[in-house]
1. Put +1 on the Cβ of each Lys and Arg and -1 on the Cβ of each Asp and Glu in the protein assembly as shown; which of B:SER116, B:SER179, B:ASN254 then has its Cα farthest toward the positive end of the dipole?
2. Dipole of the protein assembly as shown (Lys/Arg Cβ +1, Asp/Glu Cβ -1, origin at the Cα centre): which of B:PHE275, A:SER82, B:SER225 lies farthest to the positive side?
3. When the solvent-accessible surface of protein heavy atoms is calculated with a 1.4 angstrom probe, in what order do A:CYS95, A:CYS5 fall, highest first?
4. Please report the accessible area of B:CYS272 (heavy atoms, 1.4 Å probe, ligands and nucleic acids excluded) in Å², nearest 10.
5. Taking region B:251-341, how much of its Cα-Cα pair set, in percent, is spaced more than 19 angstrom apart?
6. Probe radius 1.4 Å, ligands and nucleic acids ignored: give me the carbon and sulfur share of the accessible area of region B:33-72 as a rounded percent.
7. Calculated from DSSP H runs of 4 or more alone, at -39500 (n - 2.57) each and per residue, what is the 222 nm mean residue ellipticity of chain B, nearest 500?
8. Find the sum over both chains of the accessible area lost when A and B are paired, probe 1.4 Å, and report it in Å² to the nearest 100.
Amino acid sequence: MCQRCNERPATVHFTKIVNGEQSGYHLCEQCAKEHGGFFAKAAQAFDFNQLLSGLLNMESSPGFSAPPATSLRCSSCGMSYSQFTEIGRLGCPKCYESFSVRLDPLLRRIQNGTAHSGKVPVRSGEQVKVRKNLDTLRKELQSAIASEQFERAAQLRDQIRDLEQRMNH
Amino acid sequence: MSLSDFLQTAMSQWMKNGGPEDDIVLSSRIRVARNIHDTPFPTLQTDTHANYVIDQVTSAIATPEMQHLGTFELLRCVEMSPLDRQVLVEKHLISRDLAEGGKHGAVILRSDEVASILVNEEDHLRIQCIMPGLRLNEAWTLASQIDDAFEMTLAYAFHEQYGYLTACPTNVGTGIRASVMMHLPGLVLTGQISRMLAAISQVGLTVRGIYGEGSEALGNIFQVSNQMTLGETEEEIIGNLSSVVSQLIDHERNARRALAEENREALEDRVCRSFGILAYARRMDSKETLQRLSDVRLGIDMGIIKGVSAGILKELMVMTQPAFLQKYYRQELHPAERDIRRAALIRERLRMDDTEVR
């Protein structure tokens with residue numbers, strides 16, 4: 001018997017799960033159609049951003065130990081990770097590094113891996129290479145100084161100066 | 001102004017016929033997302049940031065490298081009337097988001113409208129190239145050249161691992177969205193379309209109807225595009241899409257052949273009935289227009305209707321949109337008036353080819 005009108009036989013059976021709580025419904029066809037409003041609403045609410053936020057909030061695997069979403073914030077533009085999950089868009093290019101612990105598992109799901117293999121910009125690509133080189137050289141310089149290899153340190157300092165000039169030019 | 005003169009000036013390159021497989025592929029489009037280094041994405045943009053982006057791209061289009069690629073003009077959205085912005089949406093040159101979005105949006109148009117660059121939409125730059133027929137590689141080559149020319153003056157947000165950085169992680173990496181607009185009445189009429197669409201979504205591509213809401217595809221026009229942007233090269237992404245499109249073309253041709261062999265009379269009736277309605281009706285809503293145009297175009301492709309140019313589908317599907325109608329008749333039109341004017345415009349266009357139309 002239909003739960004709603006108590007008149008017609010129940011022919012539509014469905015289970016609604018809200019926050020893990022299940023409830024069963026047994027309705028006749030007519031009542032199900034009238035009740036259908038909530039199916040339609042559910043369909044309307046299903047947009048891309050929500051889909052993305054759903055993925056963003058999903059933990060990738062048990063034992064996954066990323067910092068809690070609430071404490072992540074981009075040091076450059078100030079966007080918080082939870083803001084990002086709401087609007088589905090990042091605040092600035094730096095967000096990719098600020099949120100990388102959480103973005104990497106997301107990218108693995110929505111993209112074909114996490115490593116770019118396509119076009120590289122001529123100028124910015126060169127800068128990326130130089131910047132990476134500089135990082136390595138600066139680290140080497142630190143350890144050269146620490147181990148008192150001053151001749152080596154002087155060489156490294158000159159190399160770094162050269163690269164820095166190329167960057168700024 | 002006569003309709004043929006208006007068509008000459010109002011049509012973008014892609015709306016004209018031509019290009020490989022143009023009996024099925026209406027257009028090919030490449031869109032590349034780019035952002036400027038160390039500058040917040042439009043999501044968090046202040047007036048200062050937005051103007052900085054506009055200044056940067058304004059000087060970028062004045063360089064010899066850019067001028068070598070054509071004549072470009074920057075139009076700020078606030079300087080255009082809502083009607084003019086809507087016309088650009090109907091011509092697929094800008095997105096609805098840009099047209100209706102904030103005060104910071106702008107578009108850079110190449111004079112032949114093959115290339116348009118959206119500024120301060122979701123990303124700082126979206127370089128778009130759209131061409132008639134199946135010409136993804138050509139469109140990519142042009143988009144990539146424009147990209148290189150911009151890069152002469154702009155420092156892009158590029159990350160060694162993630163590639164080109166975009167506001168939404170669904171575009172990161174190559175930033176490329178390649179899409180092909182296809183007319184698939186054969187697959188729809190033979191009931192094979194949903195099976196094909198389900199198969200396509202299994203191989204990393206998405207399909208949507210470009211007119212109509214939800215799953216309904218008006219005018220049997222579908223857009224197939226890549227879903228993922230990170231992990232494969234641009235050439236791999238385009239190659240994958242092209243091979244699926246080629247298979248769709250084969251299936252569509254087979255379906256048309258089957259229709260002609262097994263159901264000729266029903267097909268002729270459908271096509272000629274639609275032609276009759278387009279040629280004589282006094283009121284046409286946009287939904288029926290698209291359906292009838294699709295039938296007539298199928299009739300032209302299959303040799304059932306002669307003496308009408310195949311280009312009418314693309315021309316009229318754009319020209320009969322609300323903003324275009326109002327542009328042509330140079331007045332504001334209510335929906336009911338639009339239906340009358342739409343029918344008149346269609347008859348006028350058919351008369352350009354066929355004197356029998358009343």
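The values are calculated or read from the model by the stated rules, or taken from the named source; none is laboratory data. Not measured: the values here are computed from a predicted model. With ideal geometry, Cβ positions are generated from the backbone for all residues, glycine too; neighbour counts draw on all protein chains shown. Areas reflect the complete protein model, heavy atoms only, side chains present, ligands, DNA and RNA absent. Shrake-Rupley method; radii C 1.70, N 1.55, O 1.52, S 1.80 Å.
1. B:ASN254
2. Result: B:PHE275, furthest along the dipole toward the positive end.
3. A:CYS5, A:CYS95
4. About 70 Å², ignoring ligands and nucleic acids.
5. Taking all Cα-Cα pairs of region B:251-341, the fraction more than 19 Å apart is 45 percent.
6. 52
7. Helix-only estimate at 222 nm: -14500 deg cm²/dmol.
8. That pair hides around 3400 Å² of surface in total.
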